[in-house]
Amino acid sequence: MRHKVKKKKFDRTREQRLALYRSLARALIMEERIETTLERAKALRGFVEKLVTLGKRGDLASRRRALELLPDKEAVRKLFEDIAVRFEDRKGGYTRVIKLPDRRKGDGAQMAIVEWVE
């Protein structure tokens with residue numbers, strides 16, 4: 001039974017799941033808007049919001065923690081200098097997930113857009 005188990009596993013190991021989240025988070029930070037499946041978008045939300053909270057803190061320890069979670073210096077720099085500044089007065093809910101009406105052609109997966117709330 002899966003009582004109180006919240007995270008999706010995506011039929012992947014922990015390392016593969018982390019790689020998926022890192023890849024999606026990097027794409028969202030660099031592109032500011034990405035299209036992915038609905039389930040991945042929902043799972044990405046929590047991962048990215050923690051990164052933005054670290055960015056809002058802005059100290060050295062937070063930057064190092066962000067580099068552990070997202071080992072891409074350029075993405076972390078943009079997160080701390082551009083994105084975190086935008087959400088300085090916001091308490092949470094930094095991302096928006098919009099369901100798309102069309103499903104993916106190959107497997108029929110529900111698609112969604114993830115973007116920053118402006």
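The values are calculated or read from the model by the stated rules, or taken from the named source; none is laboratory data. This is a predicted model, so every value here is computed, not measured. Here Cβ is always computed from backbone atoms with ideal geometry, including for glycine, and neighbour counts include all displayed protein chains.
Conditions tested, residue by residue: (1) in a helix (DSSP H, G or I); (2) among the hydroxyl-bearing types (Ser, Thr, Tyr); (3) surrounded by fewer than 14 Cβ atoms within 10 Å (Cβ to Cβ).
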{"residue": "Glu39", "(1), (2), (3)": "yes, no, yes"}
{"residue": "Arg45", "(1), (2), (3)": "yes, no, no"}
{"residue": "Lys78", "(1), (2), (3)": "yes, no, no"}
{"residue": "Lys91", "(1), (2), (3)": "no, no, yes"}
{"residue": "Lys99", "(1), (2), (3)": "no, no, yes"}
{"residue": "Glu115", "(1), (2), (3)": "no, no, no"}
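Contact annotation: residue pairs with Cβ atoms under 8 Å, 6 or more positions apart or on different chains, pairing a residue in the stretch 53-70 that is at negative phi with a partner that is modelled with pLDDT of 95 or more and basic (Lys, Arg), are Leu54/Arg63; Leu54/Arg65; Leu67/Lys73; Leu69/Arg22; Leu69/Lys50; Leu70/Arg22; Leu70/Arg26. Which of the residues spanning the stretch 41-72 are farther than 24 Å from Asp89 by Cβ and either of a type in the set (Phe, Trp, Tyr) or in contact with a strand residue (DSSP E or B) (Cβ under 8 Å, 6 or more places away or on another chain) (or both)? Once the filter is applied, which keeps residues that are farther than 24 Å from Asp89 by Cβ and either of a type in the set (Phe, Trp, Tyr) or in contact with a strand residue (DSSP E or B) (Cβ under 8 Å, 6 or more places away or on another chain) (or both), the stretch 41-72 yields Ala41, Lys42.
Taking Leu60, is it of a type outside the set (Lys, Arg) and within 13 Å of the chain's Cα centre (by Cα)? Judged against the criteria, Leu60 is not a match.
Count of the stretch 56-70 residues, restricted to those that are touching a helix residue (DSSP H, G or I) at 6+ places or on another chain (Cβ under 8 Å) and more than 14 Å from Met30 (Cβ to Cβ), is 8.
Has the stretch 73-83 got any residue that is among the acidic types (Asp, Glu), in contact (Cβ under 8 Å) with a residue 12 or more places away in the chain and at positive phi? Looking for residues that are among the acidic types (Asp, Glu), in contact (Cβ under 8 Å) with a residue 12 or more places away in the chain and at positive phi, one finds none in the stretch 73-83, hence no.
Residues of the stretch 1-29 that are farther than 13 Å from Arg40 by Cβ, aliphatic (A, V, I, L, M) and exposed (fewer than 13 other Cβ atoms within 10 Å of the Cβ): Met1, Val5. Evaluation of Asp82 against the conditions (1) closer than 26 Å to Lys6 by Cα; (2) assigned to a helix (DSSP H, G or I) shows that the sole unmet condition is (1).
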